[in-house]
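The values are calculated or read from the model by the stated rules, or taken from the named source; none is laboratory data. As the structure is a prediction and not an experimental result, all values here were calculated from the model. Heads up, the Cβs are rebuilt from the backbone with ideal geometry, glycines too, and the neighbour counts pull from every protein chain shown.
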């Protein structure tokens, strides 16, 4: 098993108490290719017209580095009649102590509207069925890189839960080298289609028939496993590090097998034969599903950076043994 070793006691760095922040949106909207600047050593909320969409972002320039970390927000609560329900929500926008780099935190515009439902709002940064948000987000990321003087091939992405899913969906469609960290991500849309997806389609004014058609025509827009496979088959330099909590009942048996089976990784953690995907386990009953607990944050991030910096070396595939076979059978039976 490849299991992360947690920091202990005073070795645990100080991190903000909250993994996400709700803020007011910027008073003015700027054009993607317009004349706008990013203040140094500041935490700045901006509203950017990217094309079909207007996207709320937070840019943290407290730490200067030659890389940019992009964070994606996970699920928000069901639509509620309150000011905070439609305000921007940013994941780890002030976690520079962990990332040691500028941070671009992006709020999903589809989660800033009332879904008229109590299910979590997971837009997965997909946009709408008619308009694809991902190309606009990748153009936005490249613009921020240019303004900060960061090479576009030095982009790292982070998200947990639905945010991890989104990081894979967006990162897989980048043309330049990208490292993606996804913690306990949802990987199989069929496992949540009746709840979150159905509510999301209603919020868009669409039906599940529309969704099924999209999944036939453009499955890479919503299925992270297909998006990642397509990227690798196209020769794109996309590396993914998945952190999985052994005590996460939401994903350990329903979603996590999707990554280790398709990339021929040992179910207890390791690196794929093509060197492009790595999984690492941690054991935290208290954390359950979602972000890794603070004692695992630095070990997880440092292990991911080490993996991204290691040249991908194709290795001979190895059978996973009886344990892998048993897990595959259980996954197929669901």
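The table that follows gives values for the structure above.
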item: Of residues in segment 74-85 being part of a loop (DSSP other than H, G, I, E, B) and over 21 Å from the mean Cα position of the chain (by Cα), the one nearest to residue 184 (Cα to Cα); result: 79
item: Every pair of residues 6+ apart whose Cβ atoms lie under 7 Å, when the first sits in segment 105-132 and is over 25 Å from residue 94 (Cα atoms) while the second is modelled with pLDDT under 90 and part of a loop (DSSP other than H, G, I, E, B); result: 114/79; 115/78; 115/79; 116/79; 117/78; 117/79; 118/78; 119/78
item: Meets criteria (free of Cβ contacts under 8 Å to residues at least 60 places away in the same chain, touching a helix residue (DSSP H, G or I) at 6+ places or on another chain (Cβ under 8 Å) and over 18 Å from residue 110 (Cβ atoms)) for residue 92; result: no
item: Test for residue 226: is it at pLDDT 95 or above, under 23 Å from residue 310 (Cα atoms), under 17 Å from the mean Cα position of the chain (by Cα) and not in a strand (DSSP E or B); result: no
item: Hits in segment 141-165 - residues which are part of a helix (DSSP H, G or I) and more than 16 Å from residue 258 (Cα to Cα); result: 141, 142, 143, 144, 145, 146, 147, 148, 152, 153, 154, 163
item: So residue 71, is it more than 13 Å from residue 148 (Cβ to Cβ), surrounded by fewer than 19 Cβ atoms within 10 Å (Cβ to Cβ), under 21 Å from the mean Cα position of the chain (by Cα) and in contact (Cβ under 8 Å) with a residue 12 or more places away in the chain; result: no
item: One residue from 200, 270, 235, 290 being touching a residue at least 60 places away in the same chain (Cβ under 8 Å) and farther than 26 Å from residue 117 by Cβ; result: 270
item: Hey, residue 137 over 19 Å from residue 300 (Cβ atoms) and either free of Cβ contacts under 8 Å to residues at least 12 places away in the same chain or out of contact with any strand residue (DSSP E or B) (no Cβ under 8 Å at 6 or more places or on another chain) (or both) or not; result: no
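Listed here are the residues, each with its yes/no results for (1) surrounded by fewer than 18 Cβ atoms within 10 Å (Cβ to Cβ); (2) outside any loop (DSSP other than H, G, I, E, B).
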| residue | (1), (2) |
| --- | --- |
| 212 | yes, yes |
| 235 | yes, no |
| 261 | yes, yes |
| 278 | no, yes |
| 284 | yes, no |
| 298 | no, yes |
